[in-house]
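Beneath this line is the structure, given in structure tokens, with notes to follow.
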Amino acid sequence: MKSIMDNLKKPSILKGNITFMVFMIIGLFTLNILRFLLIDLVNIQSFTRNESYIYAIQLATNQIVILGGVVLIYFLVTREKFKDVIPIRKIKGADIFYIFLITVVTRPIIGVISMITSYFTVDTPMAEAVSILSKMPFLAMFLVVAILPAIFEEFFMRGIVANNFKRYSLFAAALFNGVLFGIFHMNFEQGFFPILLGFLAIYLMYYTQSIVAPMLLHFFNNGTSVILTYLLTLLPGELSNTEVDTSSMLVSQNQNVAYYILLGILAIGVVVLFGWLTYLLVNLIKERNEERWMESNDYKKLDGKRISFTKKIVDYIPFIITLIIYFYNVKDQIRF
């Protein structure tokens, strides 16, 4: 029994993949259970018939009950110490500003990614979700979209999941965490730009040795989206209700080769320029926190040898199952 508990406390790719797979399975079943409890059993509609309020309550419940519950269960099962898995350290004031700038300069890159994915997406729930969110009171929208995800999603993704990849290459661990973060959203259109954010979040957490950095990145990213959405609702009715269907725009130009070439050059230019600016800002944070990350053994060579990602297929079986679950749930959103 003791050896089993000792193994549960050891970080490993298998444990990380199992943890994420279990969350996906629990999440899918629990979402339906919570929907039943809130709408059918508690009859939340008797308190309010405002669709946006009901949606806000569902989102908040999902974050607190599902993600918070998974985090709690993880620590109860593994008996790991919270501070060993989720490092919380104060970060420098200037670094907070630099993280905000990273949010700003990655926006155009996210725009390019979203434009590309929209071409391959149909029947996405994103448009309906944004429409409902825009009808919420500002503070409620800010709470369920910016504050709660920055806490609970980061505790899970950059805390529990990422902790199991700290003995391996920083780049590979960051990329894998980004991919899992994309899958985490269970939305094909919204599943690609989180890869970038998850990738950057791991680097920021490593360089600052604190989960506060990725939490701020998450908060600034979602928070700016909330503010922009709210500002759009303040525009005159015709303008605020205008929707731009980028996928239709692209399809309508399917005979125009020059259009695609120009669009491709522009997209590459945007990614290169703002990718370079992002690199400079992350590197600046790296240099400012050299003492912190140099003292850490995470993602470092041990005894002069770097531990490569395991090649045992059994370690990736939970990840393969997770991919199957993901594509089964988003298959109707993909344009074939």
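Of note, ALA150 does not satisfy the criterion of being modelled with pLDDT of 95 or more and buried (at least 24 other Cβ atoms within 10 Å of the Cβ). Contact map, the range 53-80: residues that are touching a residue at least 40 places away in the same chain (Cβ under 8 Å) and within 19 Å of PRO137 (Cβ to Cβ) paired with residues that are β-branched (Val, Ile, Thr) and assigned to a helix (DSSP H, G or I), Cβ distance under 7 Å, separation 6+ or inter-chain. Pairs shown: TYR55/ILE132; ALA56/VAL144; LEU59/VAL144; ALA60/VAL144. Looking only at residues in the range 8-28 that are of a type in the set (Val, Ile, Thr) and out of contact with any Lys or Arg (no Cβ under 9 Å at 6 or more places or on another chain), the one that is surrounded by the fewest Cβ atoms within 10 Å (Cβ to Cβ) is ILE25.
Quick one: in the range 185-196, which of the residues that are without any contact (Cβ under 8 Å) to a residue 60 or more places away in the chain and assigned to a helix (DSSP H, G or I) is surrounded by the most Cβ atoms within 10 Å (Cβ to Cβ)? My answer is PRO194. Taking the range 1-103 as the region of interest, the helices (runs of 4 or more DSSP H) fully inside it that hold 3 or more residues being at pLDDT 85 or above are 13-35, 68-78, 82-85. Among residues of the range 197-212 that are in a helix (DSSP H, G or I), those with a Cβ under 6 angstrom from a residue that is among the basic types (Lys, Arg), sequence gap 6+ or separate chain, pair up as ALA201/ARG158; MET205/ARG158; TYR207/LYS286. Of all the numbered requirements in (1) without any contact (Cβ under 8 Å) to a residue 24 or more places away in the chain; (2) in contact with a Ser or Thr (Cβ under 6 Å, 6 or more places away or on another chain), LEU139 misses one, and that requirement is (2).
The values are calculated or read from the model by the stated rules, or taken from the named source; none is laboratory data. The structure presented is a predicted model; accordingly, all values stated were derived computationally and were not measured. Because the Cβ atoms are built from the backbone with ideal geometry, glycine has one as well, and the counts that use them run over all protein chains shown.
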